[in-house]
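One structure, as structure tokens, below. Some questions next.
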Amino acid sequence: MRRFLLLYATQQGQAKAIAEEICEKADAHGFSADLHCISESDKYDLRTEAAPLVVVVSTTGNGDPPDTARKFVKAIQDKTLPGDLLAHLRYGLLGLGDSEYTYFCNGGKIIDKRLQELGAQHFYDTGHADDCVGLELVVEPWINGLWAALEKHFASRRGNEMNGAVAMASNPSLSSEPVTPEVSHIDSQVGLLRLDDSGRRDSEVSEQNVVNRGPSSVWIAGFESSLTQSAPPLSQASLNIPASPPEYLQVDLQEALGQEESHAPVTSVDPVFHVPVSKAVQLTTNDAVKTTLLIELDISQTDFSYQPGDAFSVICPNSDSEVERLLQRLQLADRREHRVFLKIKADTKKKGAALPQHVPEGRSLQFLFTWCLEIRAVPKKAFLRALAEHSSDGAERRRLQELCSRQGTADYNRLVRDARACLLDLLLAFPSCQPPLGLLLEHLPKLQPRPYSCASSSLFHPGKLHFIFNIVEFSSHTTAKVLRRGVCTGWLATLVEPILQPNARADGEKAPAPKIYIAPRTANSFHLPGEPSAPVIMVGPGTGIAPFIGFLQHREKLQEHHPAGHFGATWLFFGCRHKDRDYLFRDELRHFLKCGILTHLKVSCSREAPAGEEEEAPAKYVQDSIQRHGQQVARALLQERGYVYVCGDAKNMAKDVNDTLVDIISKEVGGGKLEAMKMLATLKEEKRYLQDIW
């Protein structure tokens, strides 16, 4: 059978799920997929690989490849590698991303570009799938087009082997030019014109199951579909649904027999430190739109070290109440303390089936649902398809099939993805669905540690680490309106409540210091310039101010230690809603301004007049303030070789700030926007335009 190497680089499981889908479909098309995580470098060698390569790559953080790909990327970026190292390699790449972020699909683009620099060539054009509009709009056509591209590649190679170059010249259809997928990239609504109303290509011969239209129903004017009920034309449509993913885990639940279980979380990050919370402060007033907390950790008894600009991870559990409700719904509450042992089903049809690494053996069911599984994860379509198989009610089964079908993409996006529905929501909405435990362990991804920026300097606060966060709150409208908190921020807020309200205990005793697990994050370049005389421009609305408090604390100590030193100008563009409700670190910033540590403080308040430090007319957002001082900012960056740091929201603020920088640089140099964009790109390459965005 014709073999191809299939690699995936995943952060939260999407790229892996897509690669597994490709692997499952390969057999039906006459191919054999050799599937591996890109981190498993001992199982493949691109330098000698003769088979075509297919890569599925997600994007994480600030346009970075996933953690699983970091070692691979570091290896291929070795500048000593010859330019023809991979000249023998033919590949196709599918990148996953979100166009609401600045560096769309950049994880895939980094690998794509470097493979070509090393001589590799496409046999199939790159696809860029956009989670903003729905990954499947690109993923499904790209996968469907892959088989023709592989056919053409193998035919081309066979023709070369049998007839030589002359045969190839006489038969253009066997050309080795890459096949272009019908939909390789959707950046705008224009791209949607390539699909018909069902999201399917006109010429496509679907490999998927066709579910006959359901019973006819009367359309009621103004009726809108819900999670549990559809409306025409979907309710009357024949459906193209994905094949049901083969189940592969067999679960053995064993009684605990009295042995005590460690409550320490099991995580792949290393090292992990268990540290006490020494202080917690609410930075916003009670009537602010968002509640912002500052937490101080005591790291004095650990080897944990950091510098301003670093980030670290908090290892958090799921909500106890949600875990309890899930166990109750699954009728497993009476076996919560049973130990879980997994093995691969002997008769599974899943190729390359492997035990999930994030499910440790011999831990209790309660522990797994609390510390290991992302129970809040939005279920992928493959998960919905599997749940449909375990729904005994025909109407419920049909609705789950609709939601995972091509025709139901709009409903899936609106009612599942955008509504942030989770497994518990679906199980409550579809009471006849009774999935086996093994199915849940197959589909629920790993509970990820949550990253936070350090908001302090170890010179200013020896043995302490500060971080700040908004308590995330949102409404779930899946079955009933429920106010939910973020998994980590909600847990942290509950954990530090006794510290925030020290007099709440009836016995008057001081509450014991709670402890949390933290881990350092991979080194980054979001640090103060090595040359202190360089100007520093900091842009951080809301909690984006966190690393800059650390910068300013650090700079104050440096200037104390080197009073004769030359330190460059420091600008801070901070934004809030109301100066008297959520102006974070107001007193500290005034102190830094008074001492000269901070040269320019520009505060914009989006819902009222700006704070008193602003001498000009009101500026609503940080980008407005930057525009107002554009000439000075551009001069600091271009003539004085300054640094600009942006921290905060990636979807809106970071894009707006980037556009503003393009505009002011364009005006300063008198060139067009393209020239300004090139100059900004140079600043990024020189690590003088740095972003810590989410």
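Rule-based calculations on the coordinates, nothing more; no lab input. This one's a predicted model, so the numbers in the text were calculated from it and none came from an experiment. Methodologically, a virtual Cβ is constructed for each residue, glycine included, from the backbone with ideal geometry; neighbour enumeration extends over all protein chains shown.
So what is log10(I(q)/I(0)) for region 13-161 at q = 0.19 1/Å, when the Debye sum runs over its Cα atoms only?
-1.27
Is region 226-340 rounded, prolate or oblate when judged by the Cα gyration tensor, a ≥ b ≥ c being the square roots of its eigenvalues, rounded requiring a/c under 1.5 and prolate requiring a/b larger than b/c? Walk me through the intermediate numbers first.
On the way: a/c = 2.20, a/b = 1.40, b/c = 1.57.
Oblate, because a/c is 1.5 or more while a/b does not exceed b/c.
Please state the shape class of region 488-605: rounded when a/c is under 1.5, otherwise prolate if a/b exceeds b/c and oblate if not, all from the C-alpha gyration tensor.
In terms of gyration-tensor shape, prolate.
Could you list 452, 689, 44 in order of exposure, starting from the residue whose Cβ has the fewest other Cβ atoms within 10 Å?
So the ranking, lowest neighbour count to highest, is 44, 689, 452.
Hey, another quick one. Check cross-link reach from residue 667 to the lysines: straight Cα distance under 18 Å, and skip same-chain residues fewer than eight apart.
The reachable lysines, counting only those whose Cα sits under 18 Å from residue 667, are 678.
Here's a follow-up. Roughly how far apart, in whole Å, are the Cα centres of region 541-560 and region 234-300?
30 Å
Next question, about the same structure. If neighbour count is taken as other Cβ atoms inside 10 Å, put 608, 224 in order from fewest to most.
By the 10 Å Cβ count, ascending: 224, 608.
What are the semi-axes of the equivalent ellipsoid for region 537-615, taken as the square roots of 5 times the Cα gyration tensor eigenvalues, largest first, in whole Å?
Taking √(5λ) for each Cα gyration eigenvalue gives 24, 12, 10 Å.
What do you get for the angle between helix 106-117 and the principal long axis of the chain? Use alpha-carbon atoms, 0 to 90 degrees, nearest ten.
70 degrees
Using θ = phi - 60° and the Karplus form 6.51 cos²θ - 1.76 cosθ + 1.60, what ³J(HN,Hα) does each residue of region 233-238 get, whole Hz, x for Gly and Pro?
x, 4, 5, 10, 8, 6
Additional query: Could you sort the peptides 313-323, 370-380 by per-residue average Cβ neighbour count (10 Å cutoff), highest mean leading? All intermediate terms of the calculation are to be shown ahead of the outcome.
On the way: 313-323: 18.3, 370-380: 21.0.
Most protected by this proxy first, the peptides run 370-380, 313-323.
For a footprinting-style exposure proxy, rank 527, 466, 263 by other Cβ within 10 Å, fewest first.
263, 527, 466
Over the Cα atoms, compute the radius of gyration (one decimal) and Dmax (the largest Cα-Cα distance, rounded to a whole number) for the chain, in Å.
Spelled out, the Cα radius of gyration and Dmax of the chain are 27.5, 92 Å.
For the pair residue 473 and residue 580, what calculated FRET efficiency results from E = 1/(1 + (r/R0)^6), where r is the Cβ-Cβ distance and R0 = 25 Å, to the nearest 0.05? It would help to have the intermediate numbers written out before the result.
On the way: r = 22 Å, r/R0 = 0.86.
According to the calculation, E is roughly 0.70.
So how tilted is helix 14-26 from the main axis of the chain? Cα-based, degrees 0 to 90, rounded to 10.
Between helix and principal axis, roughly 10 degrees.
Related question: With angles folded into 0 to 90 degrees, how steeply does helix 655-669 sit against the dominant principal axis of the chain? Use alpha carbons for both and round to 10.
70 degrees
Moving to a separate point now. May I ask what percent, to the nearest 5, of DSSP beta bridges between residues of the chain are antiparallel?
50 percent
Rounded, prolate or oblate for region 536-693? Axes are the square roots of the Cα gyration tensor eigenvalues, ordered a ≥ b ≥ c, and the cut-off for rounded is a/c under 1.5.
Here region 536-693 falls in the oblate category.
Report, in listed order, any pair from 380/655; 43/351; 25/351; 594/684 with a Cα-Cα distance greater than 21 Å.
Cα-Cα > 21 Å for 380/655; 594/684; rest within.
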